[in-house]
Amino acid sequence: MPDIAQLAARLDDAARHAEAVAQLEEPIDLADAYRVQAASMGRRYARGENRIGMKMGFTSRAKMAQMGLDTMIWGRLTDGMLIEDGGTIDIRRFVHPRVEPEIAFLLAAPLSGIVTPLAARAALAGIAPALEIIDSRYRDFKFSLTDVVADNSSSSGLVVGPWADPAIDFSNLGMIVEIDGVERMIGSSAAILGNPIRSLVAAAKLAQEAGEPLQAGDIVMAGGATAAEALAPGQHIRLTVQHLGHAEFRVAPAA
């Protein structure tokens, strides 16, 4: 049996001190990887952070096929990961930080188990443009599926723009990320499982299975709409989503 607590401590320390670690040598399966993730996040809760929702990963059908999966992966979000819209991050907090454009959901009511897209929409209080900062704690950004799941599915930070009325059609919204005023990532919300609401439906089922059903007030990050881009000191990142507006942040200059 793998030492779940020891693996969790290793990854938590790597994230807390922004120090890369080797890939996990211990043989673990996907269920064990989620146990490591839960234990690692439990250490963060013990230090005072609060769970505020979840992030979805592998929300591209092509990526799932590549990894031999028939479902997505997920990670936990905490208030310690929140970055104010328009705020500044210190890149030294991270190991290999990258950014990707997403759609964020805010729940008005609990949502758990197997639900329909219609029920998922009815549970929404708002949707927003969002940027996720992902950060693998493994050396050279190399990891297996179980490695990344154990490492909270690389979730490290999120910037959420203004909340909008969820009644709008968000199935195919244009998304553009500019870095220092230059368009670097162009995509559509349709890249998220064909419609981001499918990501929320999947999140409800996965959260329930983990014993942490989604609650009113939770944020769900639907998954990347494009490939992630590496961050560097001094950059200004700005996401524009059709009909939803903007989300942005800055990376502090090098010390």
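Checking G211, G223 one by one, the residue that is on the phi > 0 side of the Ramachandran plot, without any contact (Cβ under 8 Å) to a residue 40 or more places away in the chain and in a loop (DSSP other than H, G, I, E, B) is G211 and no other. Only one entry of A33, A109 meets the criterion of being among the aliphatic types (A, V, I, L, M) and surrounded by fewer than 17 Cβ atoms within 10 Å (Cβ to Cβ), and that entry is A109. Taken residue by residue, segment 116-134 has no member that is at pLDDT below 95 and over 16 Å from the mean Cα position of the chain (by Cα).
The selection criterion, being modelled with pLDDT of 95 or more, of a type in the set (V, I, T) and surrounded by 20 or more Cβ atoms within 10 Å (Cβ to Cβ), holds for V251. Pairing residues of segment 43-62 that are within 19 Å of A5 (Cα to Cα) and of a type outside the set (S, T, Y) with residues that are part of a strand (DSSP E or B) and modelled with pLDDT of 95 or more, at Cβ distances under 8 Å and at least 6 apart in sequence or on separate chains, gives R44/T78; E49/T78.
Among residues of segment 79-91 that are among the hydroxyl-bearing types (S, T, Y), none has a Cβ under 9 angstrom from a residue that is surrounded by fewer than 13 Cβ atoms within 10 Å (Cβ to Cβ) at a sequence gap of 6+ or on a separate chain.
Only one of the numbered conditions (1) part of a helix (DSSP H, G or I); (2) at pLDDT below 95; (3) under 21 Å from V160 (Cα atoms) is violated by A65, and that is (3). Just one residue in the set T88, T71 is modelled with pLDDT under 95 and either under 16 Å from the mean Cα position of the chain (by Cα) or closer than 30 Å to A255 by Cβ (or both); that residue is T71. Restricting to segment 210-255, name every residue that is more than 30 Å from V149 (Cβ to Cβ) and of a type outside the set (A, V, I, L, M). Residues satisfying the conditions are G234, H236, R238, T240, Q242, H243, G245, H246, R250, P253.
The single residue among R51, R44 that is over 30 Å from V177 (Cα atoms), modelled with pLDDT of 95 or more and charged (D, E, K, R) turns out to be R44.
The values are calculated or read from the model by the stated rules, or taken from the named source; none is laboratory data. Given the structure is predicted, the values throughout are model-derived calculations rather than measurements. Note: ideal-geometry Cβ built from the backbone for every residue, glycine included; neighbour counts use all protein chains shown.
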